[in-house]
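Okay, so here's the structure we're looking at.
The values are calculated or read from the model by the stated rules, or taken from the named source; none is laboratory data. Every value quoted in this text rests on a predicted model; they were computed, and no experiment measured them. As a convention, Cβ positions derive from the backbone with ideal geometry for all residues, glycine included, and neighbour counts pool all protein chains shown. The area values use the complete protein model at the heavy-atom level, side chains included, leaving out ligands, DNA and RNA. Shrake-Rupley method; radii C 1.70, N 1.55, O 1.52, S 1.80 Å.
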Amino acid sequence: MITFQTEPLDVASIIAHLKGREAGATAVFVGSVRPAGKAGKVEFLEVECYEPMALDELPHIVDEAKGEHGLVDAAVVHRTGRLRPGEDAVVAAASAAHRKEAFVAVERIVDRMRELAPIWKKEICREGEKWGDRS
Amino acid sequence: MNVKVKLFARYRELAKVGEESIVVTEGARVSDVVAAVLSKHPVLNRQSDEMLVSLNRKRSRGEERVKEGDEVALLPPATGG
């Protein structure tokens, strides 16, 4: 399950998608919009994506994690468009036989996604706008 | 021949265009397309050290030859997740 959407994320349905298989553990990362940004108090976060390329690359990232950590399944759902502080921007989840593999794998997926997936974020603050950097 | 060029995020805002067609000669490489874009939008030159490039949605180091209708994208470093 790898998708991009402009609608709010439904974390429960993403977890439900992974459960009911042969996993004993599901680890979930939820990335949300911070109210305090680098340019000031965040009014909005704009998330932009080169979606066709991201949909080519993310399955490789997920497959890599599945191979390395013996996952049963994994999911990445990223929101795009204009988000308010407190809203969820991304959900990454991994299910495995045991918790350790699931925790490690979900961190790996998020790290690789942040490194490779063509997705960009811009904070819109009263004081100005700032594109995200890699820090 | 025409190659489609896409610009994203900061690059799109700097160049004030998200997609355009660039004319290059037969045998041109991805790096030639990028050079043409930078020549057309000099404001992007300052970004070129960190710039990533893709050809038809695959990362490119600039060496591939392009053909009519190919899609080259100029990508700032990713910050998603």
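Numbers below:
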{"item": "Rg to Rh, two decimals, where segment A:1-110 supplies the alpha carbon set and Rh follows Kirkwood", "result": "1.00"}
{"item": "Mean separation of Cα contacts under 8 Å (6+ apart) over length of chain B, as relative contact order %", "result": "42 percent"}
{"item": "Full-stretch length increase - residue A:22, residue A:1 - with 0.36 nm per residue and alpha-carbon distance subtracted", "result": "5.9 nm"}
{"item": "Using θ = phi - 60° and Karplus 6.51 cos²θ - 1.76 cosθ + 1.60, couplings along segment B:44-53 (whole Hz; Gly, Pro as x)", "result": "7, 4, 5, 9, 5, 5, 9, 5, 9, 10"}
{"item": "Distance from segment B:22-56 to segment A:1-53 (C-alpha centre basis), Å", "result": "33 Å"}
{"item": "Degrees, to the nearest 10: B:30-40 long Cα axis against longest axis of chain B", "result": "60 degrees"}
{"item": "Percentage relative contact order, chain A, counting C-alpha pairs under 8 Å, at least six apart", "result": "38 percent"}
{"item": "Spin-label zone in segment B:2-35 - amide nitrogen under 14 Å from a point set 7 Å from the Cα of residue B:61 along the C-beta vector", "result": "B:30-31"}
{"item": "For chain B, projected area of the alpha-carbon convex hull averaged over all directions, nm²", "result": "4.9 nm²"}
{"item": "Area accessible to solvent at residue B:59, 1.4 Å probe radius, in Å²", "result": "90 Å²"}
{"item": "Probe 1.4 Å - accessible area at residue A:4, Å² to nearest ten", "result": "30 Å²"}
{"item": "Label point distance in nm, residue B:31-residue A:126, each placed 7 Å from Cα along Cα→Cβ", "result": "5.0 nm"}
